[in-house]
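One structure is given here, and the rest of the page talks about it.
Where a number appears in this text, it was derived from the coordinates with a stated rule and is not lab data. These figures come from a predicted structure and were not determined experimentally. Note: ideal-geometry Cβ built from the backbone for every residue, glycine included; neighbour counts use all protein chains shown.
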Amino acid sequence: MSNRRVARILREVAELLELEDVAFKPRAYRRAAEAVESCATDVDELVREGRLGELPGVGKAISEKIEEIVHTGRLAYHDELRKKLPVDLYALTQVEGIGVRTAKRLYEGLGVRNVADLERAAREGKIRRLPGMGERSEARILRGLAEVRGTEDRILLWYALNTARALCRKLEDTGLFTRLAYAGSLRRGRATVGDVDLLGVSSQPEQAARAFVELPEVGQVLARGGKRASVRLSEGLQVDLRLVPESSFGAAMQYFTGSKEHNVRLRERAVGRGLKLNEYGLFDETGAAVAGSDEEGIYSQLGLLYVPPELREDQGEIQAAERGDLPELVQTRDILGDLHLHTNWSDGEVTMEEIARAARQRGFRYIAITDHFLFSETVGGVTADDLRRQLDEVARLNEELDGFHILSGVEANILADGGLDVPRELLRRLDLVIGSVHSRFRTAKKVMTERLLRAVDDEAMDVLGHPTGRLIGERAAYEADWDEVFSRAAKTGTALEINANPQRLDLRSGLVRRAVEAGARLIIGTDAHAEPHLDFMELGVVTARRGWAQAKHVLNTLSVEGLLAARKRGRS
């Protein structure tokens with residue numbers, strides 16, 4: 001039973017309870033779903049070892065329900081709730097414009113049970129005829145369907161990474177592999193992954209392949225040969241294992257990591273030098289191998305600097321490697337603090353002290369507490385009085401946490417006119433102010449651009465949070481003139497966030513590069529709402545690297561003193 005499958009059931013229970021106007025329970029199930037989904041440990045293992053209670057927000061009652069799901073593959077309580085609304089609620093609510101109440105309305109009015117039914121009704125113009133819907137609702141749903149189709153059959157990077165690493169650990173424990181690693185778009189750090197490629201070296205290839213296809217996570221064996229096996233996991237993800245000789249491991253890693261376009265460029269370069277490059281190695285005209293055991297040798301023999309995996313997209317990296325001016329990309333160890341965190345003062349699961357101690361355990365030297373300012377009854381937020389009390393709490397904790405620093409902050413809401421909704425006197429007292437768009441996403445491009453520019457111009461706003469507002473597979477980024485926004489951010493000293501939440505990764509890597517080229521500064525924040533979310537920092541760094549960002553571009557590579565000095569100055 002995968003973590004994603006368990007989380008999906010828990011989340012659907014939350015939505016069904018919300019439909020019945022049950023108090024408190026929906027949030028509890030939603031919190032548990034987030035905790036399970038973000039946990040890097042298999043939920044099966046947590047159940048076996050009696051460790052479910054370690055997950056934030058998972059008490060005795062929900063622990064018992066998770067155990068039932070793991071042991072039986074279903075949840076009787078979930079089945080009972082679904083009798084009242086027999087639809088694929090999880091899939092439908094992934095579509096922008098479809099909440100649980102809209103899903104019920106569509107089912108009762110048009111018999112919509114799944115995404116296929118929804119698309120048919122939208123294309124036939126039936127949705128607009130429902131009371132309370134209309135043409136705009138139908139158009140929004142069609143846009144949402146297009147966004148979902150763009151990521152269907154793909155898995156978010158975070159979950160693919162956890163899956164690949166868990167499989168590698170289990171295979172390494174067999175003692176049959178001398179080398180084992182993942183490649184493909186997963187190693188390049190793409191935001192979503194279609195499948196997982198594993199490369200291994202083994203002196204017992206048949207036994208190694210057998211161990212792979214017999215893993216408990218495997219739902220179906222698609223193919224199996226002497227040097228390759230392909231399976232589909234129970235959760236649906238395809239994983240391919242290729243066994244290669246030690247002498248070819250580097251060549252295979254290069255071949256199965258690079259994008260198609262990057263690899264074509266390399267092969268053309270090899271041919272121009274009288275060489276032949278493939279997954280087995282780099283060979284001269286006599287067929288003798290001149291490189292292949294490691295990737296560095298491949299690039300060196302082709303007269304190039306080593307190209308980091310994240311850059312292998314044919315976006316100018318080969319030309320830069322030839323000139324010798326590839327950037328020294330930011331690394332996880334460069335990040336000294338997390339600048340986007342939520343606590344139980346708003347919609348987080350942990351206290352300020354708990355998240356601070358968890359961050360310090362991970363090697364961070366400082367954090368910024370940036371709870372949501374209250375903007376919706378459905379999303380918890382802090383009031384002005386809460387913020388004033390938080391300032392006192394931050395001061396108290398900073399005296400107790402020797403050698404670690406907590407910055408006071410807030411995630412303010414950027415209003416329709418570009419203003420912030422936090423009182424000005426409070427903004428002046430805070431160490432860090434993030435401004436984010438949380439409403440009116442479907443604004444015309446010109447209007448949204450002006451809204452963002454006014455926010456970026458605000459002397460009180462240090463950071464533009466999750467700048468494009470995208471939720472991968474659920475909500476497309478809103479439109480704006482990003483080059484104009486980045487140019488203004490560079491001019492005003494406003495930092496742009498790379499939000500490391502797996503479903504956001506916003507700014508996306510292509511925009512990160514444009515922001516860097518415009519001279520804008522960046523921060524990387526996890527947007528953590530629970531302790532395990534701090535580990536999302538890895539994804540933010542990968543996204544920054546894909547955008548050619550260096551440590552000097554990222555403010556939270558600075559000491560806390562350096563960070564405070566580098567903020568936007570001249571607050572109003």
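Laid out as a table, the results:
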quantity: Rg followed by Dmax, in Å, when region 381-447 is reduced to its Cα trace; calculated: 15.0, 49
quantity: Highest average packing first - 212-224, 92-104, Cβ atoms within 10 Å; calculated: 92-104, 212-224
quantity: Quotient of C-alpha Rg and 2.2 N^0.38 Å, computed over region 155-243; calculated: 0.99
quantity: Gain upon complete extension [A289, E322; 0.36 nm per residue less C-alpha separation]; calculated: 9.7 nm
quantity: In region 310-414, the trypsin sites (Lys or Arg not before Pro) that fall in loop regions by DSSP, at most 16 other Cβ within 10 Å; calculated: R362, R365
quantity: For region 3-151, projected area of the alpha-carbon convex hull averaged over all directions, nm²; calculated: 9.2 nm²
quantity: Amide H contacts under 5 Å for R312, placed H, 5+ residues apart; calculated: none
quantity: Sites N344 and E474, calculated FRET efficiency, Cβ-Cβ separation with R0 22 Å, nearest 0.05; calculated: 0.30
quantity: Computed lengthening from H71 to A416, 0.36 nm per intervening residue step minus Cα-Cα distance; calculated: 119.3 nm
quantity: Counting DSSP beta bridges with both ends in the chain, the antiparallel % (nearest 5); calculated: 45 percent
quantity: Highest to lowest packing among 489-497, 557-565, scored as the average C-beta count within 10 Å; calculated: 489-497, 557-565
quantity: Calculated from backbone phi, Karplus (6.51, -1.76, 1.60) coupling profile of region 299-309 in Hz, x at Gly/Pro; calculated: 5, 4, 5, 9, x, 10, 5, 4, 9, x, x
quantity: Using θ = phi - 60° and Karplus 6.51 cos²θ - 1.76 cosθ + 1.60, couplings along region 331-345 (whole Hz; Gly, Pro as x); calculated: 10, 4, 5, 6, 7, 9, x, 10, 10, 9, 9, 10, 10, 6, 5
quantity: E425 paired with L222, simple spin-label distance in nm, labels 7 Å along Cα-to-beta-carbon; calculated: 6.3 nm
quantity: Listed values [x] 89, 66, 52; [y] 81, 57, 50; [z] 76, 58, 54, entry calculated as Cα extents along the principal axes in Å; calculated: [z]
quantity: Volume per residue of the C-alpha convex hull in region 250-323, rounded to whole Å³; calculated: 69 Å³
quantity: Region 326-376: C-alpha gyration tensor shape, a/c 1.5 cut-off, then a/b vs b/c; calculated: oblate
quantity: Ascending count of other beta-carbon atoms within 10 Å, so fewest first, for M537, M461; calculated: M537, M461
quantity: Under-5 Å amide H pairs with R365, H placed in peptide plane, nonlocal only; calculated: G337
quantity: Proximal aspartates and glutamates to K260, defined as alpha-carbon separation beneath 12 angstrom and excluding residues fewer than eight positions away on the same chain; calculated: E313, D314
quantity: Two-site label geometry, E80 and A116: point separation in nm, points 7 Å out along Cα→Cβ; calculated: 3.2 nm
quantity: Cα gyration tensor category, rounded, prolate or oblate, for region 207-351 with a/c compared to 1.5; calculated: oblate
quantity: Pair R273, R123: separation of 7 Å Cα→Cβ label points (nm); calculated: 5.0 nm
quantity: Cβ crowding within 10 Å averaged over residues, with 451-460, 415-424 ranked highest first; calculated: 451-460, 415-424
quantity: Rg followed by Dmax, in Å, when region 332-566 is reduced to its Cα trace; calculated: 16.2, 49
